[in-house]
Amino acid sequence: MTDRIYAELADVLLGLESELRRMGLWREDQPHEDALASVTPFCADTLEFHEWLQFIFIERMKVIVEYRAPMPPMRSGIEPAAEMAYQGRLGQVAGLLASLRQVDEAINNARDALSGGQGFSQNY
């Protein structure tokens, strides 16, 4: 069961990467390390939201999947953060939001399954 959970996470992360590439938002060059070291939520002061997804979120989740590490302690709510980041352009990012919804669901389902259903019931 554990392998299936992590495989599903890997699949939705790959889907997120594919959507970012399809939208032309995937960067080949890495931002300066100062930009990645921001302590502001989502590195909002140094990165665009899609850059945070690529260089922080996806990378951290890949490590969790690879090492079968525990899920983050809080329920995932990346989609609502993206909705705020892309206000006024929601129609243009509908595919990205759908991918993020799948990521949130996969993380939250994995968290609940791996913790024996003892996860938080709220989405924050």
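Read-outs: derived from the displayed coordinates by stated rules, not from any lab. Given the structure is predicted, the values throughout are model-derived calculations rather than measurements. Glycine gets a Cβ as well: all are built from the backbone with ideal geometry, and neighbour counts include every protein chain shown.
For the reader, a short list of remarks on this structure follows.
- Loop chymotrypsin sites (Phe, Trp or Tyr not before Pro), segment 32-90, which have at most 14 other Cβ atoms in a 10 Å radius of their Cβ (DSSP): Tyr67
- Given +1 at the Cβ of Lys and Arg, -1 at the Cβ of Asp and Glu and no other charges, the dipole of the chain around its Cα centre is 340 debye to the nearest 20.
- Contact order relative to length of segment 29-124, as percent, for alpha carbon pairs under 8 angstrom and 6 or more apart: 26 percent
- Ellipticity estimate at 222 nm from DSSP helix runs (n ≥ 4, -39,500 (n - 2.57)) divided over the chain, nearest 500: -16500 deg cm²/dmol
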